[in-house]
Structures are given as structure tokens and as C-alpha cells.
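The values are calculated or read from the model by the stated rules, or taken from the named source; none is laboratory data. Remember, it's a predicted structure, so these values are computed and weren't measured experimentally. Note that we place each Cβ from the backbone using ideal geometry, even for glycine, and neighbour counts take in every protein chain shown. Accessible surface areas use protein heavy atoms only, side chains included; no ligands, DNA or RNA. Shrake-Rupley method; radii C 1.70, N 1.55, O 1.52, S 1.80 Å.
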Amino acid sequence: MATKTFKLNTGADIPALGLGTWQGESTLVKDAVVAALKAGYRLIDTAYCYGNEEHVGAGLKEAFDQGIVKREDVFVVTKLWATYASRAEVGLEKSLRNLGLEYVDLFLVHWPLLMNPEGNDDRFPKLPNGERDILRDYSHIQIWKNMEKLVESGKTKAIGVSNYSKRYLEELLPHATIVPAVNQIENHPQLPQQEIVDFCKEKGIHIMAYSPFGSTGSPVTSAEPVVKVAEKHGVKPTTVLLSYHLYRGSTVLPKSTNPDRIEANAKLIELDAEDQKLLNDYSEQLVKEGKVQRYIYPPFGVDFGFPDKS
Ligand SMILES: NC(=O)C1=CN([C@@H]2O[C@H](COP(=O)(O)OP(=O)(O)OC[C@H]3O[C@@H](n4cnc5c(N)ncnc54)[C@H](OP(=O)(O)O)[C@@H]3O)[C@@H](O)[C@H]2O)C=CC1
Ligand SMILES: O=C[C@H](O)[C@@H](O)[C@@H](O)[C@H](O)C(=O)O
């Protein structure tokens with residue numbers, strides 16, 4: 001299953017499974033990338049903001065040198081950080097230099113906003129009152145226009161977005177010359193975000209699901225219906241949470257720096273109609289009761305248009 005792919009609106013194939021690297025520390029990330037590629041992963045997800053692109057790049061280099069994969073066999077994703085949103089070209093160049101690559105396969109707007117490029121920190125500039133230093137008048141549509149200019153250079157094969165609500169996409173699409181190839185969002189049975197998933201499907205925008213276990217501490221693994229489906233199939237809840245995205249047609253990004261878990265996470269299964277119903281009913285119930293769980297919502301102080309947050 002690690003080798004299954006989906007089609008992007010660019011015509012390129014994107015793997016159904018990718019290694020997440022957020023909060024992965026230096027040498028651990030390098031080794032994790034090598035372990036993942038050995039285990040059959042063909043997509044690695046990183047970001048300028050993670051501060052680990054060099055280590056991801058070192059892992060890729062080692063895998064190339066060892067003959068595990070060739071550059072063209074790996075789908076590398078990185079993201080434009082908010083302090084570079086008005087300077088997408090500079091952001092991409094910096095990421096490429098960090099990664100030691102000539103191109104990435106996908107470059108995403110990490111969050112739809114601009115943080116002060118001349119602020120007091122490269123990644124997290126703050127105002128004297130401690131809030132994030134955000135230039136609120138800069139439109140997310142302009143950020144996309146900046147991204148569109150990158151495609152011709154060949155330094156990214158595709159461009160996309162991350163953390164875009166349906167409302168933001170509806171604002172963006174009438175102005176887009178290039179439809180985003182991807183929207184990378186938090187997605188698991190406790191946060192189905194069905195309105196975004198359905199809208200993206202209709203518009204040909206592929207979903208990449210992040211924090212499939214609910215991020216640090218993997219809280220979604222203990223959800224009752226997830227445990228029930230896992231017991232039925234004799235697998236771990238993590239396998240169910242990853243396999244959930246296969247039938248939804250999305251790419252999923254589990255993060256681990258533990259070699260055994262990296263290998264275990266590469267083994268997805270097909271969930272049957274009964275499993276799907278159980279998980280979908282669970283999600284619908286949470287939505288109805290207003291109990292969905294969004295684990296990742298950084299303190300930007302911006303309304304990104306997600307119904308559970310506005
Ligand atoms: N675009 C965006 O804004 C965002 C993108 N992402 C991307 O998505 C990726 C995944 O999301 P992330 O938030 O990291 O969290 P995940 O939901 O992938 O959960 C990661 C946690 O689960 C643990 N874990 C992994 N595999 C197993 C396993 N088989 N059994 C038990 N525990 C396990 C990890 O520990 P350990 O490492 O010790 O195994 C870690 O604590 C990120 O790394 C990043 O690439 C994530 C958040 C936001
Ligand atoms: O990709 C992962 C997340 O979006 C992460 O990049 C942010 O949560 C960031 O740490 C922040 O605090 O804004």
C-alpha cells in the first residue's frame with residue numbers, strides 16, 4: 001500500500017503515504033528519512049518552519065548515495081513560511097538550499113497569512129506585547145499570486161496550499177490562474193472537515209491529511225470506534241487511522257522518528273463498508289454535538305474560516 005498513488009491536477013502522481021517530519025529533531029530526522037525510504041515510503045513532508053530541512057536533505061542524500069531511491073522516485077514537499085509569504089521566490093530558494101535539491105515536487109503556502117518579514121525573528125517575529133507580528137492587510141490571494149510565479153522556474157513541480165478553509169478557497173479560486181494541486185489540512189475521524197474535503201474534490205484539489213493520529217501523544221488512537229475497527233482486523237489503531245484516508249482518496253502523513261513505527265505505519269489495510277460506516281458515524285456525531293477536536297491551531301489570532309473556530 002505504501003506504493004499506492006493518486007493523481008494531481010498537474011497530471012503527476014502523488015503517493016498515498018508520506019513521512020511527516022514536524023518536531024523531528026536533527027539526526028533523528030535524517031535517519032527517519034532513510035528508514036522510511038527503505039520501508040517503501042516515496043513522499044517526505046517538511047517545511048522551512050520546521051527548521052529541519054537540512055536534516056531531511058541529508059537523509060535524502062544518504063538514500064540516494066546508498067542507491068535506495070533516485071531523486072525522481074521521491075516526492076518531496078516543503079512549505080512557504082509566513083515570514084516569506086511576500087517573497088515566495090526567496091522562500092523557495094532557501095528551502096532548496098537547505099534540502100540540497102534542485103527542485104521540490106510540491107511547494108505549499110503553509111498558512112494563509114504574512115508575518116512581518118522585517119520583524120524581530122526570521123520565523124516567529126513578535127510584537128512588544130508578545131503577539132505574533134502579522135501584516136494583516138496583506139491578502140492571501142496575493143500570496144497565491146506570488147506562488148504562481150514560481151512554477152515556470154521548474155524549481156517546484158507543483159504548488160498548493162495548506163490550512164485553507166472552504167471559505168478561503170472560495171475567495172481564492174476566482175483569482176487563481178493555477179488551481180492549487182493540494183490542500184494540506186488536519187484530518188482524522190475527530191476532525192473530518194468534510195466540507196473542505198468535498199469542495200476540494202469537486203475542484204480537483206488533492207487532500208493531504210496531517211496529524212492523522214492527533215499529533216503529539218497520538219490522542220485519536222484511543223477513540224472507541226478506532227479501537228473497535230482495529231480489534232476486528234487484528235491491527236493497531238494507528239493502522240486504522242492511516243487506512244481511513246485510503247478510502248477517502250487522500251494522502252496521509254504520519255510522523256515518526258522511531259524506525260519500528262515508521263515501518264509499521266507503512267502497512268495500510270483496506271477498510272470495509274462496515275468499518276467506514278462506524279468511523280463516519282463517529283465523525284458525524286462529533287460534528288453534530290460540536291465536539292470535533294482540532295489539535296493544531298497556532299496562536300496567530302486570525303480567523304481562517306474554519307467552522308469549528310469562527
Ligand atoms: N501543514 C501543516 O500546518 C501541518 C503539517 N503537518 C505534517 O503532518 C505530519 C504528521 O502530523 P504530526 O502533527 O506530526 O502528528 P501525527 O498525528 O503524525 O502524530 C505523531 C505522533 O504519533 C507518534 N507515532 C507515530 N507512529 C506511531 C505508532 N505507529 N504508534 C504509536 N505512536 C506513533 C509519534 O511519536 P514517535 O515519533 O516517537 O514515533 C508522534 O508523537 C507532520 O510531521 C508534518 O509533516 C503536521 C501539522 C501541521
Ligand atoms: O506544520 C505544522 C504546524 O503548522 C506548525 O508549523 C505550526 O504550528 C507552527 O509551529 C506555529 O506555531 O505556527
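Output the residues belonging to segment 178-216 that are farther than 21 Å from Ala47 by Cβ and open to solvent by 30 Å² or more (accessible area, probe 1.4 Å).
Matches in segment 178-216: Val179, Gln194, Glu195, Asp198, Lys201, Glu202, Lys203, Gly204.
Tell me, please, whether a residue that is assigned to a helix (DSSP H, G or I), open to solvent by less than 20 Å² (accessible area, probe 1.4 Å), more than 16 Å from ligand 2 (Cβ to nearest atom) and in contact with a helix residue (DSSP H, G or I) (Cβ under 7 Å, 6 or more places away or on another chain) can be found in segment 118-141.
No, segment 118-141 contains no residue that is assigned to a helix (DSSP H, G or I), open to solvent by less than 20 Å² (accessible area, probe 1.4 Å), more than 16 Å from ligand 2 (Cβ to nearest atom) and in contact with a helix residue (DSSP H, G or I) (Cβ under 7 Å, 6 or more places away or on another chain).
Cβ contacts < 9 Å: first residue more than 12 Å from Pro112 (Cβ to Cβ), restricted to segment 128-139; second residue in a strand (DSSP E or B) and aliphatic (A, V, I, L, M), any location; separation 6+ or different chain. Result?
Listed by first residue and then by second, the contacts come to Arg132/Met115; Asp133/Met115; Leu135/Met115.
Could you list, in sequence order, all residues of segment 263-282 that are in a helix (DSSP H, G or I), among the aliphatic types (A, V, I, L, M) and over 10 Å from Tyr244 (Cα atoms)?
Across segment 263-282, the qualifying residues are Ala264, Ala273, Leu278.
In segment 249-278, how many residues are surrounded by 17 or more Cβ atoms within 10 Å (Cβ to Cβ) and away from ligand 1 (no atom under 16 Å from the Cβ)?
Within segment 249-278, residues that are surrounded by 17 or more Cβ atoms within 10 Å (Cβ to Cβ) and away from ligand 1 (no atom under 16 Å from the Cβ) number 3.
Are there any pairs with C-beta distances below 6 angstrom linking a residue in segment 296-308 that is among the small types (Gly, Ala, Ser) to a residue that is in a loop (DSSP other than H, G, I, E, B) and at pLDDT 95 or above, with the two at least 6 apart or on different chains, and if so which?
Sorted first by the residue in segment 296-308, then by its partner, the pairs are Gly305/Ser165.
If Glu171 meets every condition in (1) surrounded by 20 or more Cβ atoms within 10 Å (Cβ to Cβ); (2) in a helix (DSSP H, G or I) apart from one, which number is that one?
Just one mismatch for Glu171, condition (1).
Among the residues of segment 15-43, count how many are within 16 Å of ligand 2 (Cβ to nearest atom) and over 19 Å from the mean Cα position of the chain (by Cα).
Residues meeting the conditions: 0.
So is Lys70 farther than 15 Å from Gly160 by Cα, without any contact (Cβ under 8 Å) to a residue 12 or more places away in the chain, away from ligand 1 (no atom under 16 Å from the Cβ) and of a type in the set (D, E, K, R) or not?
yes
Tell me which residues, restricted to segment 155-194, are among the acidic types (Asp, Glu) and farther than 18 Å from Ser211 by Cα.
Correct list: Glu170, Glu171.
What residue, among those in segment 96-112 that are hydrophobic (A, V, I, L, M, F, W, C) and in a loop (DSSP other than H, G, I, E, B), is farthest from ligand 1 (Cβ to nearest atom)?
Looking at the filtered set, the residue picked out is Leu101.
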